[in-house]
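*Asks:* Following this message is one structure expressed as structure tokens.
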Amino acid sequence: MESRLLLYNTLSRNKELFEPLNPPFAGMYVCGPTVYGDPHLGHARPAITFDLVFRYLQHLGYKVRYVRNITDVGHLEADLDEGEDKIAKKARLEQVEPMEIAQYYADRYFLYMDALNVKRPSIEPRASGHIIEQISLVQQILDAGYAYEVNGSVYFDIEKYSKTYQYGRLSGRVLDDLLTNTRNLEAQEEKHHPADFALWKKAQPEHIMRWPSPWSDGFPGWHLECSAMSTRYLGLQFDIHGGGMDLLFPHHESEIAQSQIANRVTPAKYWMHNNMITINGQKMGKSLGNFITLEEFFTGNHRELLKAYSPMTIRFFMLQAHYRSTLDFSNEALEAAEKGLKRLMTAYEILIKSPSPQTDPRSAIRDPRSPIIHRQSPIADLFDACYAAMNDDFNSPMVIASLFEAVHIINSVYDKNESITVEELDLLKKMFGIFVFDILGLKNEQSSDQSVYLDGLMDLILKIRQKSRETKDWGTSDQIRDALNKLHIVVKDGKEGTNWNVE
RNA sequence: GGUUUCGUGGCCGAGUGGCUAGGCAGCGGUCUGCAAAACCGUCCACAGCGGUUCGACUCCGCUCGAAACCUCCA
């Protein structure tokens, strides 16, 4: 299929045609989690956003190398225990090795991302495994004359950089503003300019995460790892760099500066940023103490939650919003997502499981919105609309809207036994296969563990119930239905007989 | 204060210079022993004030309000 994929490039603040540097290959780097806490809803947003990008690029036929890092070195904790990084701090509190913490939370992260049906990236490098690359990157920047050493720490020279390059290009910031608006920290006494950022920090004696370097025993600055690892696995220049909007400044801005000096190029062609999750209109974040972990969502064990929400409900909820919009959490919105997803999946079950409806070369399917005779089936139109939506900066909400129109058609056909062509029926199945399962990455949670025994038993039970219904023995009939309900098996009597499914 | 972004119906959320978003909820029907589901119909919008235009929810300006970033954060 001829595709013209447009994606919004933060660098240009415009939608641009996606033209990879080396087709058919596509390289994508996304900033991954710092593994010092349980994964929460905020972690799910970029994971799902770039999973969608990954899946769609693959669907279009690109050979994608998707790199997402694990930050297990930790970043500077500015407010207290100066210089001590997050992972080390947590390790000290919990009396374990820092790597034990990193391992534990990395495992937790994978567990919950798997539950959300987020595909594993091609490579998941760890910052701690790339200290050598980071040290050599610092050296390159020093050699180029854009960094300076003070007391064993190395800082990037923003002032010098700004004479030739534009620091603030990605985030739209101006250096003078940075100068006047940067908070004064004690550590900044070492810096020549308040906007300078650390490339290497000398470790204090009590700091347990440390590596030897030409300058001191210490640890790398927090912008360094992404530059080092993206270069290592994707080359000096690659196609897409992704991450949360909160990383725009200073993290991504500094990555650009580092690459510009060390490699003489801007690292990524397209910069993509997902927006934040809000809770009561406010950002959900660790420091705000208002975050809800994924485990809490899946179990319902949190005071803000009225009930548990399944992984696919969370995934669907996020895909119903565009990735560049903020998405506000509420129980009401999640319940709506849950019901909508069920409607989508039930229609799919009907499509593949029910006996074929009346097929007829003269389809009764008409576009309800337009009396015009189409040159092609309205179902083909919906199919095209799905591609058009994805090609327009991954507009998953519009894909979902088209899918619901398909649901409407499926229900009408089966409910009223309207005629449909064999081709249209196949097209519907194909549309669901590609968009619902392959691209949106949704799974059917309703009918996961049905066995042949269950099918056989249900046949038997429903036959007995049918007999009681024929003799108008409603007591027995309802008793069976109620008992099955308690086992989470829902029985529905329709015109064409009785249906059932496991909830 | 600066930077970026946003303000859509009861809720969540797309989109567009004139033509239906979609989901959930509500209301009225159809179907049904009842229930559920489904189907048909229906109500509720584009923060406010100006401007451009034949026409603006959509473009421009102002006002009000909100958020993120500027400090670790997805």
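The values are calculated or read from the model by the stated rules, or taken from the named source; none is laboratory data. If you're wondering where the values come from, they're calculated on a predicted model, not measured in any experiment. Virtual Cβ from ideal backbone geometry, glycine too; neighbours counted across all protein chains shown. For accessibility, only protein heavy atoms count, side chains too; no ligands or nucleic acids. Shrake-Rupley method; radii C 1.70, N 1.55, O 1.52, S 1.80 Å.
*Asks:* Suppose we filter segment A:23-43 for residues that are small (Gly, Ala, Ser) and within 8 Å of RNA strand B (Cβ to nearest atom); how many remain? Steps first, answer last, please.
*Replies:* Taking segment A:23-43 as the starting set, the residues that turn out to be small (Gly, Ala, Ser) are A:26-27, A:32, A:37, A:42.
Those left that are additionally within 8 Å of RNA strand B (Cβ to nearest atom): A:32, A:37, A:42.
Qualifying residue count for the region: 3.
*Asks:* How do the pairs read when you match residues in segment A:373-402 that are farther than 17 Å from A:Met318 by Cα and touching a residue at least 40 places away in the same chain (Cβ under 8 Å) with residues anywhere that are within 9 Å of RNA strand B (Cβ to nearest atom) and open to solvent by 10 Å² or more (accessible area, probe 1.4 Å), using Cβ under 7 Å and keeping only pairs 6 or more apart or on different chains?
*Replies:* Qualifying pairs under 7 Å: A:Ile379/A:Ile409; A:Leu382/A:Ser402; A:Leu382/A:Glu405; A:Cys386/A:Ser402.
*Asks:* Given the conditions (1) within 9 Å of RNA strand B (Cβ to nearest atom); (2) touching a Lys or Arg at 6+ places or on another chain (Cβ under 7 Å), and given that A:Asn395 satisfies all but one, which numbered condition is not satisfied?
*Replies:* Only one criterion is unmet by A:Asn395, namely (2).
*Asks:* Of the residues A:Ile292, A:Ile277, which is within 8 Å of RNA strand B (Cβ to nearest atom), open to solvent by less than 30 Å² (accessible area, probe 1.4 Å), in contact (Cβ under 8 Å) with a residue 12 or more places away in the chain and under 22 Å from A:Asp114 (Cβ atoms)? Before the answer, list the steps.
*Replies:* Values: A:Ile292 fails: within 8 Å of RNA strand B (Cβ to nearest atom).
Every option except A:Ile277 fails the conditions.
*Asks:* Can you name the residue in segment A:191-237 that is within 16 Å of RNA strand B (Cβ to nearest atom) and hydroxyl-bearing (Ser, Thr, Tyr) and, of all such residues, is farthest from A:Leu247 (Cα to Cα)?
*Replies:* A:Ser230
*Asks:* Considering only segment A:387-503, give the helices (runs of 4 or more DSSP H) lying wholly within it that have at least 1 residues that are under 30 Å from A:Glu16 (Cβ atoms) and polar (S, T, N, Q).
*Replies:* A:396-416
*Asks:* Further question: Which of the residues that make up segment A:459-491 are within 11 Å of RNA strand B (Cβ to nearest atom), under 17 Å from A:Asn501 (Cβ atoms) and open to solvent by 60 Å² or more (accessible area, probe 1.4 Å)?
*Replies:* Matches in segment A:459-491: A:Arg481, A:Asp482, A:Asn485.
*Asks:* Filter segment A:411-429 down to the residues that are touching a strand residue (DSSP E or B) at 6+ places or on another chain (Cβ under 9 Å) and aliphatic (A, V, I, L, M), then identify the one that is farthest from RNA strand B (Cβ to nearest atom).
*Replies:* By that ranking, first place goes to A:Val422.
*Asks:* So, one more: Does any residue of segment A:208-217 turn out to be at pLDDT 90 or above, among the charged types (D, E, K, R) and within 18 Å of A:Leu21 (Cα to Cα)?
*Replies:* no
*Asks:* Here is a follow-up. Scan segment A:137-158 for residues that are part of a helix (DSSP H, G or I) and crowded, with 16+ Cβ neighbours inside 10 Å and jot them down.
*Replies:* First, pick out the residues of segment A:137-158 that are part of a helix (DSSP H, G or I): A:137-143, A:158.
The answer is A:Leu137, A:Val138, A:Gln139, A:Ile141, A:Leu142, A:Ile158.
*Asks:* Out of (1) open to solvent by 50 Å² or more (accessible area, probe 1.4 Å); (2) of a type outside the set (Phe, Trp, Tyr); (3) within 30 Å of A:Leu17 (Cα to Cα), the odd one out for A:Lys283 is which?
*Replies:* Unmet condition: (3).
*Asks:* Checking the conditions here, which among A:Arg324, A:Arg303, A:Arg315 is open to solvent by 50 Å² or more (accessible area, probe 1.4 Å) and touching a residue at least 40 places away in the same chain (Cβ under 8 Å)?
*Replies:* The match here is A:Arg324.
*Asks:* What do you reckon, is A:Ser448 at pLDDT below 75, surrounded by 14 or more Cβ atoms within 10 Å (Cβ to Cβ) and on the phi < 0 side of the Ramachandran plot?
*Replies:* Details: at pLDDT below 75: yes; surrounded by 14 or more Cβ atoms within 10 Å (Cβ to Cβ): no; on the phi < 0 side of the Ramachandran plot: yes.
Answer is no for this residue.
*Asks:* Now for a separate question. Please state which of the following conditions A:Met245 fails to meet, knowing it meets all the rest: (1) within 15 Å of RNA strand B (Cβ to nearest atom); (2) hydrophobic (A, V, I, L, M, F, W, C); (3) open to solvent by less than 20 Å² (accessible area, probe 1.4 Å).
*Replies:* A:Met245 satisfies all of (1) within 15 Å of RNA strand B (Cβ to nearest atom); (2) hydrophobic (A, V, I, L, M, F, W, C); (3) open to solvent by less than 20 Å² (accessible area, probe 1.4 Å) except (3).
*Asks:* Moving on. Looking at A:Arg324, is it basic (Lys, Arg), modelled with pLDDT of 85 or more and within 12 Å of RNA strand B (Cβ to nearest atom)?
*Replies:* Yes; evaluated as a whole, the condition is true for this residue.
*Asks:* From (1) modelled with pLDDT of 90 or more; (2) surrounded by 19 or more Cβ atoms within 10 Å (Cβ to Cβ); (3) more than 16 Å from the chain's Cα centre (by Cα), pick out the condition that doesn't hold for A:Gly129.
*Replies:* So A:Gly129 meets the others, but not (2).
*Asks:* Further, regarding this structure: Pick out, from segment A:7-89, the strands (runs of 3 or more DSSP E) lying fully within it that include 2 or more residues that are modelled with pLDDT of 95 or more and within 16 Å of A:His273 (Cα to Cα).
*Replies:* A:25-30, A:63-68
*Asks:* Oh, and also: I need the full set of residues from segment A:234-256 which are among the aromatic types (Phe, Trp, Tyr) and closer than 23 Å to A:Glu19 by Cα, in order please.
*Replies:* A:Phe238
*Asks:* Does A:Ala336 meet the test of being within 8 Å of RNA strand B (Cβ to nearest atom), of a type in the set (Gly, Ala, Ser) and part of a helix (DSSP H, G or I)?
*Replies:* Criteria met by A:Ala336.
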